[in-house]
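Below you'll find the structure, written out as structure tokens, and then a few comments.
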Amino acid sequence: MERLITMPPADEARLNRWINGIDQFNDTVGDGTTRHYMTATECACREYIRSEMEKLGLRVEVDCMGNVHGTLPGTEPELAPVWTGSHFDTVLHGGRFDGVAGVVTGMEALHLIASSGAAHRRDLTVIAYGGEEPARFGIGCIGSRAMAGRLSVEDLKSLRDQDGTVLYDEMKLRGFDPDAIASCRRKEGDVFCSLELHIEQNKVLEERDLPLGIVKAICSALNFVVTVTGQAAHAGGMPMDVRKDAYAAACEMSLALESLVRENRLSEYCTGTVGYVQLSPNAPNIIPGQVQFTVDIRDCNAASKDALMNAVQDEFQKIAEKRDVGLRMELQNNDKPVVSHPVLMAALEQHAAARGYESCELISGPFHDSLFLGTFTPVGMLFVPSKAGLSHCPEEWTDSKYLKAGAEVLADALLDVANRDTL
Ligand SMILES: [Zn+2]
């Protein structure tokens, strides 16, 4: 515990300077923050982060996906490193803290450790991840997904933004080498563990007046596209008992999803959402002949998620048979949820308590880079309060006193685990 005495307090002014410095790189000034992956603005921001990390004396590398790694070397660099950090891209008209809070507190934590002169055996690396938000290319966690080996060169060639720009081409244009994606890959054992700080994006901490949350598990998403095919016909001519209304069937399916998720008792937290619906022909006097809609299921428990998916698909099938409509379900994505490592949770909890910061355990509904990091290394996550629970909007706010608390606990926990042989 003596190292806690020598660790200087985190500097709110420096944290604010970085938050504001990163927020200058914004494509929608005056209307929230927009910094999409592999745009000129995002690339300029990457250079800013790189130079700020260099000013801290970190050894900086930018990998082929545009993730920025800043390393504070340990005394035994042959050991697997300890990672921290989060993403620096944003959604459309988003806020200035989502992701960035984890980048700047990670930088501050490494700076505090370096300033304290405390010895650490393992290298400590803060990473600013690229492309965590699915905002531009429709897929999230591009930087960390590549590290997990869940993204291929072929994927990069098939991912397009709304203007038709191919991610692979855009990366080349911006000076990156998409063909080298395998060089980002990390396998089990390559990284000792990762601790990510993120804003809560919910209001549990605010309501309980707590500065910090310790994440127990991160929900992952299961997405599928449903196509219901009925028969388009005259809204007045076709009697109710013989029509094949694709939209009525889709509505019944949507309500069935809602009930199944609400009634699910296998998991502590899960959600089910139909967020996109397209009717055809979509005219006032024609019975809808075809409907396409999306299903988004989030769950913090893998077994529960699989059971839910099966139940939902069975129920949709029954509804389709009852209504005599065609049904096609295409699975788009099914990532596994991640459970935080108990030793990392305990370390975060203990170091928070030692600093006098109260905390509680939370489930993360949104996904984070840690979801993919968790496929090859033990992860822990620290949440800081979001004002009114708002995020992904211009009003997103986290007081700098919470960033300070987070940076200090992160510094203590990183230093602690960087000197451990095993977790
Ligand atoms: Zn985020």
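The values are calculated or read from the model by the stated rules, or taken from the named source; none is laboratory data. On a predicted model such as this, the values are computed, not experimentally measured, just so you know. Using ideal geometry, Cβ is built from the backbone for each residue, glycine included, and neighbour counts are taken over all protein chains shown. Surface areas here come from the heavy atoms of the whole protein model, side chains and all, with no ligands, DNA or RNA. Shrake-Rupley method; radii C 1.70, N 1.55, O 1.52, S 1.80 Å.
Picking from residues in the stretch 256-265 that are aliphatic (A, V, I, L, M) and touching a Leu at 6+ places or on another chain (Cβ under 7 Å), the one that is least open to solvent (accessible area, probe 1.4 Å) is Val261.
In the set Gly131, Gly140, only one residue is touching a helix residue (DSSP H, G or I) at 6+ places or on another chain (Cβ under 7 Å), within 16 Å of the ligand (Cβ to nearest atom) and in the same structural domain as Leu92 (by TED's automatic domain parsing); that residue is Gly131.
Only one residue in Glu268, Glu321 is modelled with pLDDT under 95, exposed (fewer than 14 other Cβ atoms within 10 Å of the Cβ) and out of contact with any Ser or Thr (no Cβ under 8 Å at 6 or more places or on another chain). Which one? The match here is Glu268. Only one residue in Ser158, Ser86, Ser152, Ser115 is open to solvent by 10 Å² or more (accessible area, probe 1.4 Å) and closer than 18 Å to Leu15 by Cα. Which one? After applying the criteria, what remains is Ser115. Would you check which residues across the stretch 39-67 are open to solvent by less than 30 Å² (accessible area, probe 1.4 Å) and touching a Phe, Trp or Tyr at 6+ places or on another chain (Cβ under 8 Å) and list them? Within the stretch 39-67, Thr41, Glu42, Cys45, Arg46, Ile49, Glu52, Cys64, Met65, Gly66, Asn67 qualify. Applying the criterion of being in contact with a Cys (Cβ under 8 Å, 6 or more places away or on another chain) and more than 16 Å from the ligand (Cβ to nearest atom) to the residues of the stretch 361-379, the residue that is nearest to His341 (Cα to Cα) is Pro378. Of the residues making up the stretch 242-255, at least one is surrounded by fewer than 18 Cβ atoms within 10 Å (Cβ to Cβ) and part of a loop (DSSP other than H, G, I, E, B).
Considering only residues in the stretch 60-102 that are farther than 23 Å from Val379 by Cβ and in a loop (DSSP other than H, G, I, E, B), the one that is farthest from the ligand (Cβ to nearest atom) turns out to be Thr75. Quick check on the stretch 391-410: of everything there that is out of contact with any Pro (no Cβ under 8 Å at 6 or more places or on another chain) and charged (D, E, K, R), which residue is most open to solvent (accessible area, probe 1.4 Å)? Per the criteria, the residue is Glu395. In the stretch 89-102, the residues that are assigned by TED's automatic domain parsing to the domain that holds Glu42 and touching a residue at least 24 places away in the same chain (Cβ under 8 Å) form Cβ pairs under 6 Å with partners that are of a type in the set (A, V, I, L, M, F, W, C) and open to solvent by 10 Å² or more (accessible area, probe 1.4 Å), at six or more places apart or across chains, as follows: Val91/Ala135; Leu92/Ala135.
Checking Gly130, Gly138, Gly143, Gly164 one by one, the residue that is at positive phi and modelled with pLDDT of 95 or more is Gly164 and no other. The criterion of at least 3 residues that are over 22 Å from the mean Cα position of the chain (by Cα), touching a residue at least 60 places away in the same chain (Cβ under 8 Å) and assigned by TED's automatic domain parsing to the domain that holds Leu255 is met, among strands (runs of 3 or more DSSP E) falling completely within the stretch 281-369, by 290-299, 326-334.
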